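Here you go, one structure.
Read-outs throughout are calculated quantities, based only on the coordinates presented, and are distinct from any laboratory measurement. Quantities reported herein were computed from a predicted structural model and do not represent experimental measurements. Here the Cβ is made from the backbone with ideal geometry for all residues, glycine too, and neighbour counts use every protein chain on show.
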Amino acid sequence: MKIPDAKIDEIRAATDIVDLVSGFVKLKKRGKNHLGLCPFHTEKTPSFNVSADRQMYHCFGCGAGGNVFTFLMEIEKMSFVEAVRTLAKNAGIDLPEPGRSGDDGTPTEQDRAYALCRLAGQYFNANLTGTAEGKIALEYLRHRGISAEMTTHFGLGYALNSWDAFIGHATGQGFAPEFIARYGLARKRDDGTYYDYFRGRLMFPVFTGSGRVVGFGARKLREDDPLGKYINSPETPLFNKSRILYGLAQSREAIREADAALLVEGYMDLISLYQEGFRNIIASSGTALTPDQITLVRRYTNTLTLVYDADSAGSRAAMRGIDLILEQDMDVRVAKLPQGDDPDSFVRKKGAAGMRELLSAAGSFVDFIIAARAETEKEKGGSPEERSRTVRLLIGTVARMPDALKRDFTLKHIAEKFGLRESTLQAELSKILRTAEADSRRRFVPATAPGSGSAEQGRKPGRQAVPREVPPEERDLFAALLRGGEDVARLVGEHLDPDDFTHPTTRALAASVAARLAGGESLEAAALIDAAADAGARELIAGLMMAKYTLSRESLSGGGRWEPGDPLRIAADSILAMKKKNLRALKVENQEKLKEASARGADLLRFQKKNTLLDEELRKLEKEGLAPRSGD
């Protein structure tokens, strides 16, 4: 059943875009708007604007833009219908039962994939609390000190020690075995049959930031299990562990409130600390920290404290993570655990008070690296060569900091630690920066697509750039239409067809406006965004609504009679500019054909006549301006 437009309008009106976006992006009030780092491309200077007045967002870096529905669609990879239903649920608005998600009346694959993962989470949780076999996992959790409240809060579960228990359950709910395998919950044998991927394990569902299950981590419980202590869902269209932080769904509000996050490695580390009151905590799910994960946490805070295992592997992971964190201009500290401890074991032994004391003593990355290198230096007799290696390692890390002022203060700290002159360290840093800049220039390949630039290169995969810029006069016309509504739309319909627009985005948008006008549907910006078939149209509308719009020179030269704030006059001048431009293009094309015909010795009369007609039309436009089209 199609969701009525009136319901969509009601849901949109009941959802504040600032509140919605704030759940994913750290926003600061700037004038009338709110500003933050764009979640759709990598940037260091905030260019992502959210307008409470217009209930829209727009990034002036990558062009992303839209309303509450499109934001949720983009950030959570939802279909439009699922975004509408999610926001309806949040707003307490009742909708007809789902079951038809795609435009053709069938659920999209993505909708079914999320439904499958949700089903798996519910199934595993039911196994944990409702089966005899699940008691093994419950006993393990009790032994590790995890309460029933935390078990429920994180949706923990148990995969039965069976080759086909989940497949049987999921196929009974209408999911095909090959579909179950595609989303990481089954594997295919050589003979073509399928078996459960997770068997006899404690299950940790992995959620997106908004709380949707997309994958699982699984802890070994049986000695005869030949696989590793922990295994994760394989990469699927929904799950990429390098782009997800475990616990973010439960912790993001606490991170925003504290303006700081604790980062641990494992599932149990996170749950144990969370249980003890450390709610601003996330985990990298036992994998090396990635740039995408850092970008994700940077939406909520600029301050990160690493709480990694005290062993050499933990130190190496922290060293790698520090470089990546500093590259994104975040502040990082490192809490040093006693040898032999991990965050889980430490908090169980020392409690919340001990962990708070440990965190308050967290040191700078400089102190951590010096301490980590001290053992190696001691083994080598504290030679000047080893001390130099430590200093160079530190300077190499400092070079990753984009903020020059922070670099200078950090170099001063290093100079004091080693009793060296700052000028010596500055010279070494300059050498590293020059080398990095030269390497960057050598690696740089200019974009071949017209209109692509640095912001386009920073976009995440899956967001296609418009192949070329929208012509200024076409932008002007839609800017006028968004402000003038039906009156401007009728003027456009009187003088132009959708095919008169030269850019694919404006051509499709013009066709949509014409159809909506004919059908008596809303021409409000929010409604046009909802109806837009592609991201390019949504971004154009949001960009025009959010920008302090300036009329282009091309339209101003169309008649010189523009009056500020008059959408009809802006539209008329823009239409005039488009008509002149189209006639000039036709004239150039005709002249090329005339030259070709002349070279062949063909008859030139028809081309000469057409040239005369085009010149007459141009002169008429110059003299008289717009007039109703013949036959209208």
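Between exposed GluC sites (Glu not before Pro) in the chain, where DSSP calls loop and at most 14 other Cβ atoms lie within 10 Å, what's the longest gap? Spell out each step's value before the answer.
On the way: sites that count: 223, 235, 469, 524.
Value returned for the longest uninterrupted segment is 236-468.
In addition: Return the percentage of antiparallel bridges among DSSP beta bridges fully within the chain, rounded to the nearest 5 %. Walk me through the intermediate numbers first.
Numbers: 33 of 43 bridges.
In the chain, approximately 75 percent of DSSP beta bridges are antiparallel ones.
Obtain the radius of gyration and the Kirkwood radius of region 210-349 from its C-alpha atoms and give Rg over Rh. Spell out each step's value before the answer.
Numbers: Rg = 14.7 Å, Rh = 15.5 Å.
Computed over Cα atoms, the ratio is 0.95.
Taking only the alpha-carbon atoms of region 4-81, what semi-axes of the equivalent ellipsoid follow from 5 times the gyration tensor eigenvalues under a square root, in whole Å, largest first? List each step's numbers first, then the result.
On the way: eigenvalues 93, 42, 18 Å².
Over the Cα atoms of region 4-81, the semi-axes work out to 22, 14, 9 Å.
Give the list, by residue number, of cysteines in the chain with no other Cys Cβ closer than 4.7 Å, or say none.
If one checks each Cβ against the other cysteines of the chain, 62, 117 turn up with nothing under 4.7 Å.
With a point put 7 Å past each Cα toward its Cβ, work out how far residue 223 is from residue 490 in nm, to one decimal.
Reported label-point gap for residue 223 and residue 490 is 8.6 nm.
Per-residue HN-Hα couplings for region 20-26, Karplus 6.51 cos²θ - 1.76 cosθ + 1.60 at θ = phi - 60°, whole Hz, x for Gly and Pro?
Along region 20-26, the couplings run 5, 5, 4, x, 10, 9, 6 Hz.
Got the relative contact order for the chain handy, in percent, Cα pairs under 8 Å and 6 or more residues apart? Don't skip to the answer; put the middle values down first.
Values: 900 pairs, mean separation 63.3, N = 632.
Worked out over the chain, it gives 10 percent.
What net charge is computed for the residues neighbouring residue 229, neighbours being all others with C-beta under 12 Å from the C-beta of residue 229, Lys and Arg scored +1, Asp and Glu -1? Don't skip to the answer; put the middle values down first.
Details: positive: 201, 219, 220, 222; negative: 223, 225.
Summing Lys and Arg as +1 and Asp and Glu as -1 gives +2.
If I take R0 = 35 Å and measure r between the Cβ atoms of residue 132 and residue 187 in this structure, what FRET efficiency does the formula 1/(1 + (r/R0)^6) give, to the nearest 0.05?
That gives a FRET efficiency of 0.85.
Here is a follow-up. With a cut-off of 8 Å between alpha carbons and a minimum separation of six or more residues, what is the relative contact order of region 211-273 in percent? List each step's numbers first, then the result.
On the way: 30 pairs, mean separation 15.8, N = 63.
Dividing the mean separation by the residue count of region 211-273 yields 25 percent.
Provide the per-residue ³J(HN,Hα) series for region 299-307, in order, calculated from phi with Karplus coefficients 6.51, -1.76, 1.60 and θ = phi - 60°, each as a whole number of Hz, with x at glycine and proline positions.
Once rounded to whole Hz, the list reads 5, 10, 7, 10, 10, 10, 10, 7, 10.
Once fully extended, how much extra length lies between residue 28 and residue 352, figured as 0.36 nm per residue of separation less the alpha-carbon to alpha-carbon distance?
Additional length available on full extension: 113.4 nm.
Around residue 300, which amide H atoms from residues at least 5 apart in sequence, or from another chain, sit under 5 Å from its own amide H, with H modelled in the peptide plane?
Correct list: 26.
What is the dipole size for the chain, taken about its Cα centre, with +1 at each Lys and Arg Cβ and -1 at each Asp and Glu Cβ, in debye to the nearest 20?
Using Cβ point charges on Lys, Arg, Asp and Glu, the chain gives about 1360 debye.
According to a simple spin-label model (label point 7 Å from Cα along Cα-to-Cβ), what is the distance in nm between residue 329 and residue 507?
Inter-label distance under the simple model: 4.0 nm.
For region 320-371 and region 156-170, what is the separation of their C-alpha centers, rounded to whole Å?
38
State which helices in the chain qualify, where a helix is a whole DSSP H run, it must extend 20 Å or more along its own axis by its Cα atoms, and its mean Kyte-Doolittle hydropathy must be at least 0.5.
Span-like helices here: 504-518.
Rg and Dmax of the chain, Cα atoms, in Å?
30.4, 97
Continuing with the same structure: Pop a pseudo-label 7 angstrom from the Cα along the beta-carbon direction at both residue 392 and residue 16 and give the gap in nm to one decimal.
5.6
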